[in-house]
Amino acid sequence: MGEKLFHDPQLSSDGTVVCASCHIVALGGDDGLVKSLGVAGAEGDVNPPSVLNVSLNARQFWNGRARDLREQLQGPIHNPIEMNSNWDLVAERLRSNQDYVKAFADAFNAGITQKNIEDALLSYERTMVTPNSDFDAFIQGDELAFTEPELKGFESFNDLGCVSCHQGANLGGNLYQRLGLFHDYFADKEQIHESDYGLYLVTGDEKDRYKFRVPGLRNVAQTAPYFHDGTSPTLHDAVSKMAYYQLGVSLDVNTVENIVAFLKTLSTEPLNVADSSHQEHGSEAQHDDVHDQEHHQMDEIPPKEHEHEEHHDHARQTQPMKPNLYASHRHMPAENE
């Protein structure tokens, strides 16, 4: 049922936008646009992040303003340039559909309510995990899972210090970082917009300006264009820019190629997503209180930048990386509340 809702235009005010408009599950979890289009063709202000593995992130949205997936759901529904809707309108529409009435009655004691609509969507979003990549096989001990370029790229990824931010189960998504540690990314932009301010928009603390939630890298090869502003059109370009702005190094062509080869090992086969517009409503387990599982009760520590120099001691490795670097842990710094 959550999958059907994810693809249902009744969630938007004018019936033209679905969650999957911006987050195409079978194509990497985003829409391939620099900025997504909402109701009446309105353009969003940031590049849409992938919905795949979203439950592994410690915070949601580029600026981390949502603590969990339930809080994140409120954004697109109410945003006037996305779905421009509200839960009362959505519930009213769903109650006029007898298929939905029956499906919700089968799944929830209270039937169609805001919380139960949210729970259905959240249940579906939590299924969007992609753990069976070549990278996962390598980490679990299969040394033949990587080709030579992929192994070299993995070694460079660790030796350069990329792993200091892109770690954990989603290889990112669990800390904030300033964009432009060694070179000023925003000084090189033609124009700065409010959406470039990142975490500052949440905390109002000047030291959080230009900080963003580090994106997870799973399936990253399928989610061009890159960065919060969508200004990097290819993975090669993104790798080169990250090395320059975040690490202060200019990478040669071969190193970039190898890192890109490694990043492609984080992809999996597309999720098998049925055409929800023709899908039968299945009976779901009855839950009146589906608890969020995003674990936002993380250690509350102030936002902190990671200095690149601290991570030069990563030894070149030809054996599988110790799993704890990519374990399912969350360490997102809290905002100054």
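The values are calculated or read from the model by the stated rules, or taken from the named source; none is laboratory data. No experiment lies behind these values; they were computed from the predicted model shown. Glycine also receives a Cβ, built like all others from the backbone with ideal geometry; neighbour counts cover every protein chain displayed. These area figures cover heavy atoms from the full protein model, side chains too; ligands, DNA and RNA do not enter into them. Shrake-Rupley method; radii C 1.70, N 1.55, O 1.52, S 1.80 Å.
Quick look at the numbers
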read-out: Scan of the stretch 142-182 for residues that are closer than 16 Å to residue 260 by Cα and assigned to a loop (DSSP other than H, G, I, E, B), ordered by number; value: 146, 147, 160, 161, 166, 171
read-out: Selected residue [more than 21 Å from the chain's Cα centre (by Cα) and open to solvent by less than 30 Å² (accessible area, probe 1.4 Å)] from 214, 220, 256; value: 256
read-out: Odd one out for residue 230, checked against (1) without any contact (Cβ under 8 Å) to a residue 60 or more places away in the chain; (2) open to solvent by less than 50 Å² (accessible area, probe 1.4 Å); (3) on the phi > 0 side of the Ramachandran plot; value: (1)
read-out: Filter result for the condition that a residue is closer than 26 Å to residue 53 by Cα, among the hydroxyl-bearing types (Ser, Thr, Tyr) and open to solvent by 20 Å² or more (accessible area, probe 1.4 Å), over 197, 176; value: 197
read-out: Subset of the stretch 196-237 [in a helix (DSSP H, G or I) and in contact with a helix residue (DSSP H, G or I) (Cβ under 8 Å, 6 or more places away or on another chain)]; value: 200, 201, 202, 206, 208, 220, 221, 222, 235, 236
read-out: Check on residue 221, closer than 21 Å to residue 28 by Cα and without any contact (Cβ under 8 Å) to a residue 24 or more places away in the chain; value: no
read-out: Which numbered condition residue 191 fails, given (1) in contact (Cβ under 8 Å) with a residue 60 or more places away in the chain; (2) open to solvent by 60 Å² or more (accessible area, probe 1.4 Å); value: (1)
read-out: Residue, farthest from residue 25 (Cα to Cα), within the stretch 109-132, restricted to residues that are open to solvent by less than 10 Å² (accessible area, probe 1.4 Å) and not charged (D, E, K, R); value: 116
read-out: Qualifying residue in the stretch 177-188 (condition: within 14 Å of the chain's Cα centre (by Cα), under 27 Å from residue 146 (Cβ atoms) and modelled with pLDDT of 95 or more); value: no
read-out: Wholly enclosed helices (runs of 4 or more DSSP H) of the stretch 1-85 bearing at least 2 residues of a type in the set (D, E, K, R) and open to solvent by 40 Å² or more (accessible area, probe 1.4 Å); value: 69-78
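The rows are residues; the columns are (1) in contact with a strand residue (DSSP E or B) (Cβ under 7 Å, 6 or more places away or on another chain); (2) over 19 Å from residue 129 (Cβ atoms); (3) at pLDDT 95 or above; (4) aromatic (Phe, Trp, Tyr).
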position	(1), (2), (3), (4)
25	no, no, no, no
38	no, yes, yes, no
47	no, yes, yes, no
52	no, no, yes, no
59	yes, no, yes, no
63	yes, yes, yes, no
